[in-house]
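Peer 1: Can you keep this structure in mind? I'll have questions shortly.
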Amino acid sequence: MNMDYYEIGQRIRKTRKLRGLSQEKLAEMVGISTTHMSHIETANTKMSLSTFAEIAFALEVRTDELLYGNKPRNPDISITYIAELLDDCTIQQIRIIEDIVKTVKETLNRNL
């Protein structure tokens with residue numbers, strides 16, 4: 001699968017703007033130059049994996065959202081992500097979350 005660096009850069013730009021960050025501020029948070037950040041957003045350069053991870057962390061977004069946007073995710077990836085979210089929950093928290101998910105699913109089934 002080929003990476004569309006322009007689309008990834010545009011997602012980074014859009015997310016940065018939604019977070020109210022300037023290129024300068026995001027670049028500072030990531031530890032790169034403003035010029036490099038500009039080049040990433042316009043796909044004039046490819047970023048390293050560590051820079052990509054730092055950008056996602058600074059923007060408080062999952063890397064797959066920057067890579068693929070709002071495209072449907074592989075269900076296995078979603079299940080893994082949910083498992084990671086639940087990993088540090090107490091048994092009581094998991095039971096509450098389980099009840100919430102069950103209720104939402106029943107509501108969706110009735111209304112869709």
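What follows draws every value from the coordinates through simple rules; no lab data is involved. What you are looking at is a predicted structure, and each value in this text was computed from that prediction instead of being measured. Glycine also receives a Cβ, built like all others from the backbone with ideal geometry; neighbour counts cover every protein chain displayed.
Peer 1: Roughly what angle does helix 5-18 make with the longest principal axis of the chain, taking Cα atoms, 0 to 90 degrees, to the nearest 10?
Peer 2: Rounded to the nearest ten degrees, it is 70.
Peer 1: So what's the angle, to the nearest 10 degrees on a 0 to 90 scale, between helix 75-86 and the longest Cα principal axis of the chain?
Peer 2: Long axis of 75-86 versus the principal axis of the chain: about 80 degrees.
Peer 1: Treating the angle as unsigned and between 0 and 90°, give the value, to the nearest 10°, between the Cα long axis of helix 49-59 and the longest Cα principal axis of the chain.
Peer 2: 70
Peer 1: Hey, which aspartates and glutamates would be in cross-link range of LYS25, C-alpha to C-alpha under 20 Å, not counting anything within fewer than 8 residues on its own chain?
Peer 2: By straight Cα distance, LYS25 reaches GLU41, GLU54, GLU60.
Peer 1: Next up: In which sequence would VAL30, VAL104 go, from the one with the fewest C-beta neighbours within 10 Å to the one with the most?
Peer 2: By the 10 Å Cβ count, ascending: VAL104, VAL30.
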